[in-house]
Each structure stands twice: as structure tokens, then as C-alpha cells.
Amino acid sequence: MRRRGLVDILLPLSVVLVLVFFYIPIATLVLFSFTSSRFLSWPIPDYSLRWYGELLADRNFWDALGNSAILAGVSTVVATGLGLLGAFAWLRYSYRFQRAFQVLTFAPLLFPQLLLGVVMLLWFSVLTGWLGTSPGLWSAVIGHVVYITPFAIVIICVQMHGFDVTLEQAAEDAGASRWQVMRQVTLPLLWPGIFSALIFAFLLSWGNFYITYSLSGTARTLPTYVFSGIAVGSSPIYPALAALTFAPAMVLIVVVDVIRRRAAKRRVGGRTAD
Amino acid sequence: MAQQKSWRDGALQLTTLPLVLVFAAFFLVPLAMTAVLSFQGMQNYRLSWTWNLAIWSDVFSQWHYWSIMGRTLGMASVATGLCVLIALPVAYALVTRLQKWADHVMVLVVFAFLTDAVLKTFGWVLFLDRSGVMNGMLEVLGLGKAAVDVLFSPFATMIGMVYNLLPYAIFTIALSMARTDRDLVLAAYDSGASRWRALREITLPLAWPGIVAGGVLVFVLSLGVFLEPKVMGGGTSPMAAELIRQSFETRVNWPLGAALTLVLIVIGAVSLIAIGGLAFFAARKRGVRV
């Protein structure tokens, strides 16, 4: 065994410090969500749930919540579906122009979100000018799909990477049709990846600011609702909103991790049992 | 392992065509449209199809635009350097020292990454504010009345940028380090290499592609931020994205916005190619195959 040195303290310390850094604003928001004061300054005079009440009484909040749910729900399903298709085309097949296909479907990830939003906004403005409509939630859905699909592809590809093709071949040899192989062998094996892609996509869309901001027209989602609010002045309802939305997000992420780990264990277990 | 397919194959068409359609219609065409729009003009808040170079001559003659582009490049470079420098030890620690905790730490990082950036940025404002948590804590620690004023400065903007972009660097670098064969490092130890030497000659070169990828990702994404400069920087030193936003919203000048967007995209692409080239040569010089 090697001697323990300063490095063995400094390296773990860096991880701790980074975690503290990541959770400073999150903890600050949760802390301030319980203030009773109108002003968000330290020290907090008294604790209360007053601002949760104020938030829940705000109609704009409910509108934004509804829009966020629709936007995230639709874009998640579409982006993950496209991501699943894309992952097959990325990894399972080889064909002419494969590299071009990969570049095209990965490029939006390398785009600053605002530019992606602006570029699409220009196109939608011209398009809606011809069609006589205006950008709204529907154009934000398209924007989110273009932005999130590359993430979904990458996540599903990671799951597909260790895929054992012989299982499919065995099913085929046993007389299964192509569709049966897909439904009973391929998709169940890919399920942990698909599931994490779904959750990841949902949260990316739910928390997205730049693309929604550019493309949603007059419809507001939670991030743009908060942005337009804090641009005018800070109010204690935003920390309350943060605390309310952080909790379910954390639960979702932990669930994904548990499922992913269980799947990994099963895979290793299967191998050793052979 | 990959199956050879021709474009006539149904499965290949099914898996590629929907994506090609979506990405062509809503990514490639918009890019082309942006280029086309930069040659048009604006009259009475309406687009007029004039086809001239008026916007471009305006863009190239205004020093103001280029100084903002320069500042954006500077901020993006600093943010990239900081993110990579912070992510390196963290990723290395997760892979070599804290394997047991790595999954849990990653869950925490993913959560911080996926929550609403507007709210997190607002959280920073509350923390850094003159009468915020940080100054309150400094006072308790006896560092006294000298309230630290960091909010609404380029420094605060930088904190926000590093905060929002650091996860990208951590993910890519940790991934490339995790895939490094541990046995190679152990072999180096066995043949008498010091820890420092093993790190320099085995771990870093093998993780190099991940480090470059993380850096490139952070750099490109940091070119387009306007939330942090506006909310944390107080709008005193705007960056390129703010300029683009204003040209659309305040000045309602689409062609100008389109032209500035293109300038930023080109700057990003050129730096990407430059970084990629440099990284490639640096790696080759050290005898690493890329």
C-alpha cells in the first residue's frame, strides 16, 4: 500500500468544496423560502410558510406551471423517441453518410442555447408570417426537441454500448419475429437507458430558460415567469417556488440512479452466473 | 458489431429519416435563414427584403460590437480555464479515491446541473448580496462590518458562468478518466514511477481527449450566456448574447440580430477549430495517438 500523503486529503477536499459550491445557491433559496419578511436579506427575522401561500394564490404561477408541464411532457416524449431511433442509427448500423448523420444530430449540443433559440426564432417568425400564426408553446416544443434529442441519443447510446447482440440472435434463432425481438429482448435491455433519457429530458426541458425565452411567444413557463419577475424586483415567492420544484426533481434523479444501479448489478450478476 | 446497411433498408430509414427531417427543418434551414436575413433590412418594425450589405457594413464599422465580442471571448476563455482546472482534481478524486462515493456525488452534481438555471442564479444573488447570506456569515466569523461587494461586477458574472458550466467539464473529464485502464497506472507504479510522474505520463495523456472535449463544450456554451451577466453582473458589462437579445427586443432589428448571431457562431467555430488543432498537435508532440 502506498503512503498516504497530502494529496489524499486535498483531492477529496476538492470534491467536498465543489459540492458546497454547487449547493450554495440551492440552500440559500430553500432557506429564504421560509422567511416571513418581504425583504430577502440576512438575517431572516422569522420563519413562516407565508410566501408558499402567496405563491399558490398567484394565478400566473399556475399558468406557468401548466405551460411548463405541457412543454416538458410533449418534448420529453418526442425527444426520447427520436433519441432512441438516433441511438440505433448511431451505434447499431453502419452506412454511407453515417458520419454526416452523427454530426447533424449532435451539433445542437455544441450550440449556445440562446443562439439556437434565436436562429429558430428567426425561422419561425418568417414561417408564421407566411402562415398567419404566431410563435407560442408549439414552437417552444420544437426548440426543446432539437435541443434535447442529442442528450437523449448520448444517454441511450451509453446503455447500448455494452449491448450483447447474441441475445437478439438467440431470440431470432428460437423463431421470434423481428418485432418480438425488439419488444421482448432489445427494448427491455435498453430500458434503463431509455428511462434515464426520459427523466433527463424532462428536467432539461422543465428548467430550460434560453430556448423557451426565445421561442414561446407570450406563453410563460416557470423559468421565464421567474426571470420576468426578478428582472423587475426580487420577491420571496421565488425562493418558495424553487423549494417546491427542487424536491420532486431530486426524487426523480435518485429514482433514476437506483434503477440504473440495479440494472448494472443485474448485468454483472448475469455474467458471473454463466 | 455494427450491421452494414444500405439506404434502401427499411430499418435504417425508420431510424434516420425522422431525425434528418427534424434537424434539417428546424436546425439547418434556420441557420441558412439567419444568413439570408442578415442581408435584409428593417422598415417600420417590419422586415423588408432588400438584399444589400447595409447591416454588414454597419456591423464591421461599429467598434462597440467588436469590443463586446472581445469581452465575451475573454470571459469565455477565463470560464473555460477555471472549469477545467476545477474539474480535473474533482474528476481524478472521484475515479481514484472516492469510488465508493462517486455515484452519490454524481447524483448531487446532476441534480445541481438539471435544476432551473434562473432560480439558481437568483439564489446566487441572494447569497452574494450586500445584505445577503455571505456577508452575514462573514460578520458572524468576526470579519466584521467590511461588507464585501461582489454582486453586479464581472467577477460575479464569472462565478455564475463557472457555476452553470462546471458540470459539463466534470462529466466529460470524469468519463474519460473512468475509462482509463487502472492497470496501466499500477504498471507504472510497479516500474518505479512516482505518483506525479504516473499522473503526468499516463493518466493525463489518456484523459486528454476528455479534457479537450470538456473545455471545448464549456467554451462554446459560455459564448452564449446572458442570464449571468444580466442577473449577477447587473448588466454593467454586457456580453454578446445580451447584444443579440437587445437587437431583437429593444431595437427590433432582426437583420442586425441575425448578423451578430452569425458573427458569434463564426467566432465559436473558429476557436473550436483552433483549440482542436492545438490539442491535436500538443498530443502528437507528446507521442499520444489521437
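The values are calculated or read from the model by the stated rules, or taken from the named source; none is laboratory data. It should be emphasised that the depicted structure is a prediction, and the values quoted were computed from it without experimental measurement. Cβ atoms come from the backbone with ideal geometry, glycine included; neighbour counts cover every protein chain shown.
Details
- Failed item, numbered, when A:Gly175 is tested on (1) facing chain B (nearest Cβ under 10 Å); (2) surrounded by fewer than 18 Cβ atoms within 10 Å (Cβ to Cβ); (3) not hydroxyl-bearing (Ser, Thr, Tyr): (1)
- Qualifying residue in region A:67-79 (condition: more than 10 Å from chain B (Cβ to nearest Cβ), touching a Lys or Arg at 6+ places or on another chain (Cβ under 8 Å) and of a type outside the set (A, V, I, L, M, F, W, C)): yes
- Single match in B:Thr172, B:Thr180 (criterion: under 18 Å from B:Leu94 (Cβ atoms), in contact (Cβ under 8 Å) with a residue 12 or more places away in the chain and assigned to a loop (DSSP other than H, G, I, E, B)): B:Thr180
- Flag if A:Val18 is under 28 Å from B:Phe226 (Cα atoms) and more than 7 Å from chain B (Cβ to nearest Cβ): no
- With respect to the conditions (1) of a type in the set (Ser, Thr, Tyr); (2) crowded, with 20+ Cβ neighbours inside 10 Å; (3) more than 18 Å from the chain's Cα centre (by Cα); (4) within 19 Å of B:Gly234 (Cα to Cα), B:Thr157 falls short on a single one, namely (3).
- Of all the criteria given as (1) over 14 Å from the mean Cα position of the chain (by Cα); (2) crowded, with 18+ Cβ neighbours inside 10 Å, the one not satisfied by B:Gly214 is (1).
- Residue match in region A:242-249 (condition: in contact with a His (Cβ under 9 Å, 6 or more places away or on another chain), under 30 Å from A:Thr28 (Cβ atoms) and of a type outside the set (A, V, I, L, M, F, W, C)): no
- Taking region B:43-63 as the range and being buried (at least 16 other Cβ atoms within 10 Å of the Cβ) and either within 12 Å of chain A (Cβ to nearest Cβ) or of a type in the set (Phe, Trp, Tyr) (or both) as the test, the residues that pass are B:Leu47, B:Trp56.
- Within region A:224-248, residues that are more than 7 Å from chain B (Cβ to nearest Cβ) and over 18 Å from A:Leu203 (Cβ atoms) reach partners that are hydroxyl-bearing (Ser, Thr, Tyr) and surrounded by fewer than 19 Cβ atoms within 10 Å (Cβ to Cβ) with beta carbons closer than 6 Å, at six or more positions or on different chains, in the pairs A:Ala240/A:Tyr52.
- Selection within region B:71-112 - more than 8 Å from chain A (Cβ to nearest Cβ) and either among the basic types (Lys, Arg) or outside any helix (DSSP H, G or I) (or both): B:Arg71, B:Lys100
- Close pairs (7 angstrom Cβ cut-off, 6 or more residues apart or separate chains): within 12 Å of another protein chain (Cβ to nearest Cβ) in region A:208-221, assigned to a loop (DSSP other than H, G, I, E, B) and crowded, with 24+ Cβ neighbours inside 10 Å anywhere: A:Thr212/A:Thr221
- Scan of region B:1-42 for residues that are assigned to a loop (DSSP other than H, G, I, E, B), among the hydroxyl-bearing types (Ser, Thr, Tyr) and surrounded by 11 or more Cβ atoms within 10 Å (Cβ to Cβ), ordered by number: B:Ser38
- So B:Ser57, is it in a loop (DSSP other than H, G, I, E, B) and over 26 Å from B:Ala156 (Cα atoms): no
- Cβ separations smaller than 7 Å between residues 6+ apart or across chains give the following pairs from region B:1-18 residues that are within 7 Å of chain A (Cβ to nearest Cβ) to residues that are exposed (fewer than 12 other Cβ atoms within 10 Å of the Cβ): B:Trp7/A:Arg96.
- The residue pairs whose first member lies in region A:118-145 and is at the interface with chain B (Cβ under 7 Å from one of its Cβ atoms) and closer than 15 Å to B:Arg46 by Cα, whose second member is buried (at least 16 other Cβ atoms within 10 Å of the Cβ) and of a type in the set (Val, Ile, Thr), and whose beta carbons are closer than 6 Å, counting only pairs six or more residues apart or on different chains, are A:Leu122/B:Thr34.
- Being more than 12 Å from every other protein chain (Cβ to nearest Cβ), within 20 Å of the chain's Cα centre (by Cα), assigned to a helix (DSSP H, G or I) and not hydrophobic (A, V, I, L, M, F, W, C) is a condition met by at least one residue of region B:196-211.
Okay, residues lined up against (1) of a type in the set (A, V, I, L, M); (2) at pLDDT 85 or above:
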| position | (1), (2) |
| --- | --- |
| B:Glu201 | no, no |
| B:Ala207 | yes, yes |
| B:Val218 | yes, yes |
| B:Phe226 | no, yes |
| B:Gly233 | no, yes |
| B:Phe248 | no, yes |
| B:Val266 | yes, yes |
| B:Arg289 | no, no |
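- Just one of the listed residues (B:Thr172, B:Thr115, B:Thr121) is buried (at least 21 other Cβ atoms within 10 Å of the Cβ), within 7 Å of chain A (Cβ to nearest Cβ) and within 18 Å of the chain's Cα centre (by Cα), and it is B:Thr115.
- Selection within region A:94-117 - more than 7 Å from every other protein chain (Cβ to nearest Cβ) and buried (at least 21 other Cβ atoms within 10 Å of the Cβ): A:Phe111, A:Leu116, A:Gly117
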